[in-house]
Amino acid sequence: MTQATKPQKESPLLFLYRIIQGALIGGGAILPGVSGGVLAVVFGIYQPMMAFLSRPFKTFKTYWKLFIPIILGVGLGFWGFAKLIAWLFSGDSPYPLALFIGLILGTVPQLYKTAQKPQNGVSLTDSEKKNNLLALVISFVALMAFLFFISRQTSMQSIEPTVLWSFLSGLIWGFSLVVPGLSSSSILLFIGIYTKLMAGVKDLNFSIIIPLFIGIAIVAFVFARFVDKLFEKRYGIASNAVVGLVAASTLAIIFFPPPEYKIDSVTTGLICLVIMGAGFVGAHYLDKWGQTIKPD
């Protein structure tokens, strides 16, 4: 999984495409109900990211061309979406969530299909198929139950983003990077610190940004090796567990939205469906575009 690859000629559009991917990952990481790790999976860069984080010096030569535009995009997306979200979430509109639900749903079929492919080209045994299905079901049920529990905790008081709380929030946020399907931003929203963190990022308040990113980096580098090994040794189980996490996190947005973002009218619901459809179609064509410009 982390072996060096032969240098290939890349399309000039690939750099732009990867910046867009990074921006969506950065934006997805901060949107409640969405996991940046999920978008990394559906864009096909999750495993290289885990390999790079777990062995940065060994894999730098292999992956630097991939991650320079993506890191640039993540930074732009994180800051840009923070400004956008600070505005969007100043009200109670469910439309931003609807868009990202559509984007994720548009990639789930291909994600599932990819997870069923044998890692070494050898047909899966009945036992392997059973274990893969079990991993999918267990991850789905576990995350759905956890998000349901979190959604019921509506009595939490708002917390000010001090240096300590910004660092702790970064630790929480880091798990959504290395565990696809886990939306840490939803947890922070329910705690009551999310909108204040976004305001701090938007305003480039480094007393919030620095401890936040330190927390994210610590979790990413500590857990990346474990996740990378899991995919390397148990690809079928790990990839199917990811499918379960993706499905659970997406359905949880629909069934357990934060109270302030619930759909309160038929008109709003219809608009959300249209936006979800646009996101679904957009994800489909973004994937098709990516296939045309990716190196063979």
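Could you list E232, E160 in order of exposure, starting from the residue whose Cβ has the fewest other Cβ atoms within 10 Å?
Details: E232 15, E160 9.
Ordered by Cβ neighbours within 10 Å, fewest first: E160, E232.
Starting with the fewest neighbours, write out V74, V246, V274 ranked by other beta-carbon atoms found within 10 Å of each beta-carbon.
V274, V74, V246
Do the alpha carbons of any pairs in K65/K113; K65/K117; K61/K117; K83/K113; K58/K83; K117/K202 sit beyond 30 Å of each other, and which pairs?
Numbers: K65/K113 27 Å; K65/K117 27 Å; K61/K117 28 Å; K83/K113 36 Å; K58/K83 36 Å; K117/K202 42 Å.
With Cα atoms farther than 30 Å apart: K83/K113; K58/K83; K117/K202.
Every number in this text was worked out from the coordinates using simple rules, so none of it is lab data. What you see is a predicted model; the values in this text were computed from it and never measured. FYI the Cβ positions are ideal-geometry reconstructions off the backbone, even for glycines, and counts take in every protein chain you see.
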